[in-house]
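Presented below is the structure to which this report refers.
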Amino acid sequence: MEVLSPYKEATDVILEAGGEPLKLCYQCGLCTGICPWNLVRSFLVRRIMHEAQLGAVDFGSEDVWTCVTCRACVQRCPRGVEIIDVMRAIRRAVAGLGIGVVPDALRISAKNIAGVGNPLGEAPEKRNDWAKDLGVKKFASGTKILYFPCCVPSYDPDVKAVSRSTATIFNKLGIDYGLIGTEAKCCGEAIRKAGHEDTFQSLAQNNINLFTSNGVKTVVVSSPHCYHTFKNEYPELGGKFEVVHITQYLASLIDEGKLKLSKKINKKVIYSDPCYLGRHNEIYDEPRKILQSIPGVELIEFPDARENGLCCGGGGGRIWMDTPKGERFSDIRVEQAVGKGADIIAIACPYCFLNYRDSVLSMGKAETMQVKDIAELVAEAIG
Amino acid sequence: MEEIRIGVYICHCGFNIAGVVNVEEVAKYAATLPSVVISREYRYMCSDPGQDLIKNDIKKLGLNRVVVASCSPRMHEPTFRKAVADGGLNPYLYEHANIREHCSWVHDDKELATKKAKDLVRAAVKRVYRHEPLVVKEAPLNPNVLVVGGGIAGMQAALDIANGQNKVYLVERDPSIGGHMIQLDRTFPTLDCSECILTPKMSDVGHHPFIELFTYSEVEEVSGSIGNFKIKVRKKARHIDESKCIGCNVCEEKCPWKTDSEFEMGLAKRKAVYIPFAQAIPHLAVVDPNLCAYIKSDGKKCGACIKVCEAQAITPETLLKQTDQIVEFDVGTIIVATGYDQFDPSVIPQYGYGKYDNVLTGLHFERMTCAAGPTGGKILLKDGREPERIALVHCVGSRDQNYHEYCSRVCCMYALKYAHLAKELSKADVYQFYIDMRCFGEGYEEFYKRCSEEGVNFIRGKVAKITDEALSDEEKGKLVVISEDTLLGKLVRVPVDMVILCSALEARSDAENVARIFNLNRRADGFFLERHVKLDPVATPTDGIFIAGCCEGPRDIPDTVAQAEATAAKALSLISKGTITTEAAVSTVDESICHGCGRCEEICAFHAPKVASKNGTLVSSINETLCKGCGACAVVCPTGAISIKHFTQDEILAEVAALTEVS
Ligand SMILES: Cc1cc2nc3c(=O)[nH]c(=O)nc-3n(C[C@H](O)[C@H](O)[C@H](O)COP(=O)(O)OP(=O)(O)OC[C@H]3O[C@@H](n4cnc5c(N)ncnc54)[C@H](O)[C@@H]3O)c2cc1C
Ligand code: SF4
Ligand code: SF4
């Protein structure tokens, strides 16, 4: 017979993070049935909730690191359990109290973020190099908009297309915007979900001080993850700015008649809702609106779209961890897009970009399927 | 004027009050107040010895005013008024101070709480000083009863009351009585045929000499109060001559216009002129004006029914000219029994209701298993095949904060009933997805055991998704039910042919409006609120109005019937007493200042004030049997001519002044 011997300190951390709702879990298993992991392998979300209730979590299990924080389960849980908060607290117990093992890949990214302020381990002073030849000014007090592209589009050679397209659009429209200095650091959203609370706190403090001292009022972001933490988590720490996702911003420019898309893109485009734009922040319509405004584009939908959209697999720090072939959600998505006859998978999140890019390449579909950020498509269509 | 002699009694309420308030100190303080002759504290003033203290002091010390400082007046003001009356005083020479809910329960600083208790007692003493004796009068109670809703609840209540030879007006919105129960096939746990046990009752209601039945009708307006309600009913036009229709149904056979039958849950059609179902009471045709081509074309098209009706019950006249009628009558008590709606599962997109043909609700399945139903009692898929596997999904819209948080109480049992019927009427395997099995009633656990013996597959888990996307050959052409089997700790995909969603019972979509008409309160979940969940479960906060059945929350037929009988008993006890005591603290008009402006007449919900000419000038007077003492008229009276007995300006100001005094 197994003896229950709860690790008191860790249990307290988890119960506190799960709060009252965790106690309400009545073990119906809906979360397991909804969780996308069960499309590819077994992941018993319900059992983890029960273990958390009893203080009997297996901290050594790889399940600790599995959740992609896509919110599919939270959205439907009949008892309102904040499952992601519980997952995060378990990770926090492992990372903070050292009672389990942090996966290698995650440990390296965490070290990079804590050390140089970005998960890629790139030099901080090169953060704004992507914009060198574009003539983007430095943000100064009085500049209307701060554009904050996220670490991946700042450094990754492919994903730079996102930030460069955005700057191109802004330049063409004569928008008053600037980039913050290279003291800026990763927003910290994902590393927080991966259990590294202290790192998050120091990143957030750094950015908040930087933004505040520069007199930032409005931030436009490319990543739904930056959007989420700036909008929903920074305010508690004293950082209060107007936060706008690039798709919201572009959609409003279209509405006001300031952004006119005239060049045709004669393609079938399928849009993949990022979890942090959709389920976490309920932004579903603006990205679609932009795509529909591009002449020639035929917008099609995945079988599961909007509230039911399938995660790319990159949330909750999973973007830095290895997911074996056969378990990658983005592979399923690419398969579905091919099935629907799409030419382009349109995305609105740098993590989605990375995952879809890798899937398309590894599945040998690069000839027929393109992965493009909405900003890239707009930059093309603007003429 | 006689000398005022006040007795003050401070209750400990065990530790409820005495644990926070220093009751001895309050009692000592009260003794120092002017006109207080005696001041005592006691453990439980509401007990017999406590009440005896009051009675004895009135006799021995010649008290003529009494104050008790204890709990909320809601429960025990009547107790102490009665004690005062037993002691030989007018019961209105009593004042109640609440030092529990308003003091000890909400404070923990003992010193300040004690001070506040003193303030409250001082205010009560000042007020009681000014009380006048009032007389309670009796008024006759109209013995007629209105029952709203002709489901099993309404019918049972109506029959119980009418069998005692009291007149009942039964108002049902649909063209026939019967409610949901007449749609059911068999009823758990005994599996009695619902029709067989219900049609005799329906017939009794239809023919009862003491029941006046209004079907296809709705109550539009209620005014007055207990003993004396005025009711206005809208009788919708059936577009036939009710006195001539013999219910032969020839018109329906010949009518060419079809739509889904409400009674058959869309599994069969009905016509523009129709009789809702074979056992309908009254057995009369009704014309659907939105479908009838003759009505819609203003007599230019069709008219097939007119030609075939030998009884001449349908004529151009009835179709085109018949209008709704307004009927008015008076009753003394009202029973509301308007039942429930079945939750619409199409708002849960992942269950595919409305998208997949063979995803159905409980009421569909009831009609399908019924031998007299659209499939002749066969369980059939949309394409006419028999299912090989059936899934039963529990808690659809129930126990789920995204829809309804409450448990619908009957779904576990009706799901078991379906498992049994599926076994009896088909060869299908049954998979029942449940979270908890709730089989609490008489014979229910036994029924669960019986279904287990019959080989039902129970899977513990809330269904996550129903899809037609096949991952294997076995799943092709099937509906795949996806859920965790939480006992196995495995995700399961069960390919089935038919899914029955055990949908929640929810408050009627028009409950808000019904609540407004009958002055009912609703709970957060939308159902009507009872006066006390345990001790007064069928009364409502409005005297003389009772609620029965599923309009008060989901429940099974046994509970519904028991409740209906309880409402009948409540009404009958009022009828047998025959009178109601009217409020003594009513309003009065000082005719010397009244201008006769009539604002009081406009505001009063009970029609108590009447402005009439008296000696050549217009003045208002109050009908004391109708007045509830609510005070609305006193507030709007521009001259201050109206005051409320027991709450006179003098009394209220004295109380307020005492409260603001510094002790
Ligand atoms: C699928 C299913 C299966 C069930 N099986 C069983 C079973 O096997 N055994 C069992 O014990 N219970 C069963 N039940 C529960 C059962 O249906 C209820 O207990 C019962 O029908 C409640 O009766 P009621 O009179 O309160 O409400 P209803 O049956 O809803 O009757 C209310 C009546 O009031 C009328 N009405 C509504 N509003 C107004 C208005 N404003 N004015 C006038 N009239 C109005 C309606 O038209 C209706 O006729 C089942 C329920 C469901 C959903
Ligand atoms: S869906 Fe919610 S209630 Fe159900 S098992 Fe998961 S966490 Fe618990
Ligand atoms: S958030 Fe997403 S990945 Fe995490 S448990 Fe819920 S459904 Fe699964």
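We did not get these values from a lab; they are worked out from the coordinates using the rules stated. What you are looking at is a predicted structure, and each value in this text was computed from that prediction instead of being measured. FYI the Cβ positions are ideal-geometry reconstructions off the backbone, even for glycines, and counts take in every protein chain you see.
Quick rundown of the values:
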quantity: Estimated 222 nm signal from helices in chain A, with DSSP H stretches of n ≥ 4 weighted -39500 (n - 2.57), rounded to 500; calculated: -12500 deg cm²/dmol
quantity: Spatial separation of Cα centroids for region B:332-371 and region B:425-488, in angstrom; calculated: 19 Å
quantity: Where labels lie 7 Å past Cα in the beta-carbon direction, separation of B:L112 and B:A585 in nm; calculated: 2.9 nm
quantity: Test item: A:21-32 mean partner chain Cβ contacts at 10 Å; calculated: 6
quantity: Distant alpha-carbon pairs in region B:1-115 (separation over 22 angstrom), percent; calculated: 27 percent
quantity: Average projection area in nm² (convex hull over Cα atoms of chain A, one quarter of hull surface); calculated: 18.7 nm²
quantity: Filtered GluC sites (Glu not before Pro), region B:362-446: DSSP coil and at most 10 other beta carbons within 10 Å; calculated: B:E442
quantity: Additional length obtainable on full extension of the chain from B:Q649 to B:D383, 0.36 nm per residue less Cα span; calculated: 88.0 nm
quantity: Spread of Cα-to-Cα distances over 10 Å intervals beginning at zero, given as percent, for chain B; calculated: 3, 13, 18, 19, 17, 13, 10, 6, 2, 0, 0
quantity: Rounded if a/c under 1.5, otherwise prolate or oblate - region B:225-360, Cα gyration tensor axes; calculated: oblate
quantity: Alpha-carbon Rg with Dmax, taken over region B:250-321, Å; calculated: 11.9, 33
quantity: Peptides B:141-152, B:473-484 ordered by average Cβ neighbours within 10 Å, highest first; calculated: B:141-152, B:473-484
quantity: Kirkwood hydrodynamic radius (C-alpha pairs) into Stokes-Einstein, region B:426-533, 4 °C and 1.567 mPa s, D in µm²/s; calculated: 74 µm²/s
quantity: Convex hull volume of region A:148-193 per residue (C-alpha atoms, cubic angstrom); calculated: 85 Å³
quantity: log₁₀ of I(q)/I(0) at q = 0.09, 0.10, 0.15 Å⁻¹ - region B:468-609, Debye sum with one point per alpha carbon; calculated: -0.57, -0.64, -0.94
quantity: Relative contact order of region B:6-134, defined on C-alpha pairs under 8 angstrom at six or more residues apart (%); calculated: 31 percent
quantity: Computed P(r) (all Cα pairs; the protein assembly as shown; 20 Å bins; percent); calculated: 10, 27, 30, 27, 6, 0
quantity: Two-decimal log10 I(q)/I(0) for region B:550-630, as the Debye equation yields it once each C-alpha is a single scatterer, q = 0.14 Å⁻¹; calculated: -0.66
quantity: Computed log₁₀ I(q)/I(0) - Debye formula, equal Cα scatterers, no solvent, region A:187-325, q 0.17 Å⁻¹; calculated: -1.03
quantity: Region A:107-165: translational diffusion in µm²/s, Stokes-Einstein, Kirkwood Rh over Cα pairs, 37 °C, 0.692 mPa s; calculated: 263 µm²/s
quantity: Kirkwood-Stokes translational diffusion coefficient of region B:309-457, alpha-carbon pairs, 4 °C, 1.567 mPa s, µm²/s; calculated: 69 µm²/s
quantity: Separation of alpha-carbon centers, region B:244-310 and region A:311-377, rounded to whole Å; calculated: 58 Å
quantity: Those residues of region B:545-560 whose amide nitrogen sits under 13 Å from the label point placed on B:E442, 7 Å along Cα→Cβ; calculated: B:557-560
